[in-house]
Structure formats: C-alpha cells, structure tokens
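Engineer: Got a structure here, written out as structure tokens. Questions coming.
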Amino acid sequence: MPAQPPSARPVQRILTGIKPSGTPHLGNYAGAIRPAVEASRSVDAESFYFLADYHALISTTDPVRVQRSTLEIAATWLAAGLDTERVWFYRQSDIPEIPELTWLLTCVAGKGLLNRAHAYKASVDKNLADGEDPDAGVNMGLFMYPVLMAADILMFKAHSVPVGRDQIQHIEMARDIAARFNHLYGEHFVLPEAAIDESVATLPGLDGRKMSKSYDNVIPCFAPPAELKKLIFSIVTDSRLPGEPKETEGSALFQLYQAFASAEETEAMRAAFAGGIAWGEAKQLLFERVDRAVAPMREKYEALIAQPALIEARLREGAEKARAIATPFLAELRHAVGLRRLDTAAEARVAAKPKAGALPQFKQYREADGRFYFKLVDGHGHPIVQSAGFESPKLAGQSIARLKQGEGELLASGELQLDGATVGTLAEGRDGDSYRAAIAELAAA
Ligand code: TRP
C-alpha cells in the first residue's frame, strides 16, 4: 500500500507547559527543550508550548524572580531554535480564558480526586510526620494545581502532553475532569494522554543524582565558558587513576557526554574509557563537546536577554494566536454550562425539554354551545390557556397557528390577545412565564 500523504494523517496536537522557576539547566535542555523543538518541526504536529507563570506563583512569592525567570525561559526556548511562526508559544497569564476555564473545571472536579494528588499528599504527609496540622503551609494554589493544569491542556484540545514521570498523575486527572465535564455537558473536550519519551535520558547532575535545582547540582544552559568548564571539572568521578579502565555504566560524565555527542563520538568515548583515559582528560573532552553544542545558542540567548521588548512582542503575538482558539472555545463552554445571554430563553427551553410525549399541545374541540374552542395544555395535560369561542374550526386553527408563531400578546389581566382581540385567558394558577415557556417549547420541537 502506498504511504499516506502527510495531509491525510491526522494532525497531532502536542502541548506542554514550562514552569518559570529558576534558570534553565542542561537537564531541562536535553530532557525537554531539545526534543520539543525537534517535535515542533514535524509536519504532522501542531505544537503548543507555554510559560506556566500562574503555576509559578504557587511556589514563589518573589515577583522579581517570576519575571526574571519568565524572561530567561522564553529566551532559552527561542535561542534553542523554536520557530514561533510554526508553533503556539505563549505565556499562560496572557490567556484570561485559562483561569475562567479553571473555574468551570473546578466545579466538576471532585475534591477527593485532588486530595490524592501526589504533590499535595506529600505536603500533608510531611506535616503529619512533623506533628503539624495536615494542611500547614499548604496554599490552595498547590491544592488546585492539577485543575489549572487541566485547563491549560483541555483549552487547546491537546492529544499528547510530553511531561516527566512526576506529571503523569496530573494528565490522568485532566482526563478524569474532562470526561466528567463531557458526560455532564456533551463532548467538548479531547481526552489527553501523557507522552513519556523513553529515549530521552534524564541527565545526571554534578553529584550523579538527577540534575535538579532542588539538589543544587545543575549546570546552567548558558553559563559562560569559564564557569561551564569549572562546573564540568567538578563532576564527581570515582578514584580510578589514569591508565585504569573506567566504567561507562553509572558514570555521570559519560551520560552527559552521550547527551550531546553523536553516536560515533559516544563510541569513541566508550573506547577511551575502556582504554583508561584520565578523568581530567575526559572532562576536558566533555567541556569541549558541550560548549560546541551550546555556544551558538548562548550567543543568541545573550542577544535576546538584552532585548526583552523583542521577547515580550513574540509572546504577545503567541497569545493572540492562542486566544484565537481559546476565546471561541470558551464561549462554547460557557454556553454549555448555562452561562448564557438571557434573551435566548427559547434555547434554554430546548435544553430543558422534557422527555418525548411530554410536550405542551393545543387541543381543539367543540362545545355544546356550537362554538369551537382550544386549550393549550402542558405535558401533563393541565391547562395553561383556555380559548374564547370561535365561529369555525378554521378560525380557531388560524389563531393557534399565530400563537405558535409567538404573536400572542399576554396582558397583565391574563387575557391573551391577537391584534387587540381577546382569543383566550390564562388558566387558574398560570402566569406569563408558563405560557411563554410552552410556546418556546413548541417552537423548538
Ligand atoms: N506542571 C508542569 C511541570 O511542573 C508544568 C505545566 C503546567 C504543564 N501546565 C502544564 C505541563 C500543562 C504540561 C501541560 O512541569
């Protein structure tokens, strides 16, 4: 079978958020930024990458840090080659529809679901272990973190969400919340899936543990060469002497090298390890390899950081592009939950339409006085309007037809008129609302 042309394959929507907290490091680059930039070049993908600055507020109250970190992360992604023409690159807080959607989702998210979120539970467990109140020091932002994240994802109908393992539970919660909303209000959301790329290594830090700010073992992406060199020379190694064969397995130095080297370069390094390369020499090679990879980006990064207005403009363009999707979608969702204009009552009745057979109806009949009458009755057969007497069934029918068109005028006295002539009166206990509702239901049926 011939291969499908690209246009026939469904476009995958990929979305991920980057929390701006701190300066990006090589682990962020190799683990998230580089693969994301590569994925964004695929013709089958629409990529949404955004700075999750609302999320950053949960863990920091330092405004300068939030701003600085947002600038640095944005500059890093741009320096890494993200093509903002192709992708949706924006700042979460530029999309007011996101906090609004968060509320709609909050109202269908079970509290019990959120109680089970790992990050929240970890705080509670720690408090309990310390003999504190379970919720000591826990803000509602931390508790609501998964709902805000669900809004990020569901707003753009993302299929695939590349994240670290620690985020898988959040994607599952987004699915749960989306499914519940869809069940209640109709199929509005796409159920997202976490995408964990097994081939993307988690980079070790200076001490061999996972590179992470919380371990204070990171190598910043764009450290100046002298600092980069100093950090690389501080990577922990074993005490094998020059000339002694070295293990590649479990070597932080080797893993870092592999993350930046080609397959051939990696094999050459493996051979050098087996051949007893001195650690100092291996570190020098690692420094040269990493520096070669980051130098062009570092230059771009520095130029960008020096022009924050340029980054700001890019983010605003990105937000505009994203809102072109978010604004109409939120309007649809608002309507779905009943946040509607008040002059669309007919539509409201459609949604509230009783089961089949329970519609109101006009019933025509003849009385003993020889005249022709009708009644408007509700779904249970209880009268809403009793007509006056007509000369002929045809005249009664014409009045019914016009009332169905909404032409009837109801007076405060309960009299129903057409062209100023009374054609009926409200039945006892009925008001104008029940009449108008019945007419709207019939019009919609
Ligand atoms: N919680 C993610 C993290 O800490 C960041 C994030 C926020 C995110 N919203 C998102 C990731 C939506 C994926 C999709 O890494």
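The values are calculated or read from the model by the stated rules, or taken from the named source; none is laboratory data. Model, not experiment: these values are computed from the prediction. Here Cβ is always computed from backbone atoms with ideal geometry, including for glycine, and neighbour counts include all displayed protein chains.
Engineer: Return the pair list, or none, for Cβ contacts closer than 6 Å from residues in the range 134-151 that are farther than 11 Å from Ile177 by Cα and modelled with pLDDT under 95 to residues that are among the hydroxyl-bearing types (Ser, Thr, Tyr) and within 12 Å of the ligand (Cβ to nearest atom), at least 6 apart or on different chains.
Structural biologist: That search, which allows pairs on different chains as well, returns nothing.
Engineer: Can you tell me which residue in the range 298-335 is surrounded by the fewest Cβ atoms within 10 Å (Cβ to Cβ), limited to those that are free of Cβ contacts under 8 Å to residues at least 24 places away in the same chain and of a type in the set (Gly, Ala, Ser)?
Structural biologist: My answer is Ala309.
Engineer: Any residue in the range 164-183 that is under 17 Å from Arg334 (Cα atoms) sitting within a Cβ distance under 6 Å of a residue that is within 12 Å of the ligand (Cβ to nearest atom) and at pLDDT 95 or above? List the pairs, counting only those 6 or more apart or interchain.
Structural biologist: Short answer, once both residue conditions are applied: Ile177/Ala150; Ala178/Leu154.
Engineer: Determine if the range 195-213 includes at least one residue that is out of contact with any helix residue (DSSP H, G or I) (no Cβ under 6 Å at 6 or more places or on another chain), within 11 Å of the ligand (Cβ to nearest atom) and modelled with pLDDT under 95.
Structural biologist: Yes, there is a match, as at least one residue in the range 195-213 is out of contact with any helix residue (DSSP H, G or I) (no Cβ under 6 Å at 6 or more places or on another chain), within 11 Å of the ligand (Cβ to nearest atom) and modelled with pLDDT under 95.
Engineer: With Ala74, Ala109 as the choices, which residue is part of a loop (DSSP other than H, G, I, E, B) and in contact (Cβ under 8 Å) with a residue 60 or more places away in the chain?
Structural biologist: Ala109
Engineer: Which is among the β-branched types (Val, Ile, Thr), assigned to a helix (DSSP H, G or I) and closer than 23 Å to Ile196 by Cα, of Ile14, Ile33?
Structural biologist: One residue alone meets the criteria, Ile33.
Engineer: I've got another one for you. Find the residue count for the range 154-184, including only residues that are within 24 Å of Ser212 (Cβ to Cβ) and either of a type outside the set (Gly, Ala, Ser) or more than 11 Å from the ligand (Cβ to nearest atom) (or both).
Structural biologist: Counting residues in the range 154-184 that are within 24 Å of Ser212 (Cβ to Cβ) and either of a type outside the set (Gly, Ala, Ser) or more than 11 Å from the ligand (Cβ to nearest atom) (or both) gives 12.
Engineer: Identify, please: which residue in the range 122-155 is in contact with a Leu (Cβ under 8 Å, 6 or more places away or on another chain) and surrounded by fewer than 22 Cβ atoms within 10 Å (Cβ to Cβ) and is, among those, farthest from Leu333 (Cα to Cα)? It would help to see each step written out before you state the result.
Structural biologist: Within the range 122-155, the subset in contact with a Leu (Cβ under 8 Å, 6 or more places away or on another chain) is 123, 134, 141, 143-144, 146-147, 150-155.
With surrounded by fewer than 22 Cβ atoms within 10 Å (Cβ to Cβ) added as a condition, the list becomes 123, 134, 141, 143-144.
Working: Ser123: 34, Pro134: 36, Gly141: 23, Phe143: 24, Met144: 20 Å.
The selected residue is Pro134.
Engineer: Related question: Do you know which residues across the range 197-247 are of a type in the set (A, V, I, L, M), closer than 21 Å to Arg289 by Cβ and not in a helix (DSSP H, G or I)?
Structural biologist: Val200, Ala201, Leu203, Leu206, Met211, Val218, Ile219, Ala223, Ile235, Val236
Engineer: Additional query: For Ser47, which of the numbered conditions (1) within 13 Å of the ligand (Cβ to nearest atom); (2) in a loop (DSSP other than H, G, I, E, B) fails to hold?
Structural biologist: (2)
Engineer: For the range 389-413, how many residues meet the condition of being under 18 Å from Gly429 (Cα atoms) and surrounded by 14 or more Cβ atoms within 10 Å (Cβ to Cβ)? Break it down stepwise before answering.
Structural biologist: Residues of the range 389-413 that are under 18 Å from Gly429 (Cα atoms), as a first pass: 410-413.
Imposing the further condition that a residue be surrounded by 14 or more Cβ atoms within 10 Å (Cβ to Cβ) reduces the set to 410.
Total meeting the criteria: 1.
Engineer: Sort out which residues of the range 131-146 are more than 11 Å from the ligand (Cβ to nearest atom) and in a helix (DSSP H, G or I), and write them in order of number.
Structural biologist: Met140, Gly141, Leu142, Phe143, Met144
Engineer: While we're here: Sort out which residues of the range 232-251 are surrounded by 20 or more Cβ atoms within 10 Å (Cβ to Cβ) and either over 16 Å from Lys210 (Cα atoms) or among the hydrophobic types (A, V, I, L, M, F, W, C) (or both), and write them in order of number. Break it down into steps so the answer makes sense when it comes.
Structural biologist: Step one: filter the range 232-251 for residues surrounded by 20 or more Cβ atoms within 10 Å (Cβ to Cβ), giving 232, 235, 246, 251.
Residues satisfying the conditions are Ile232, Ile235, Lys246.
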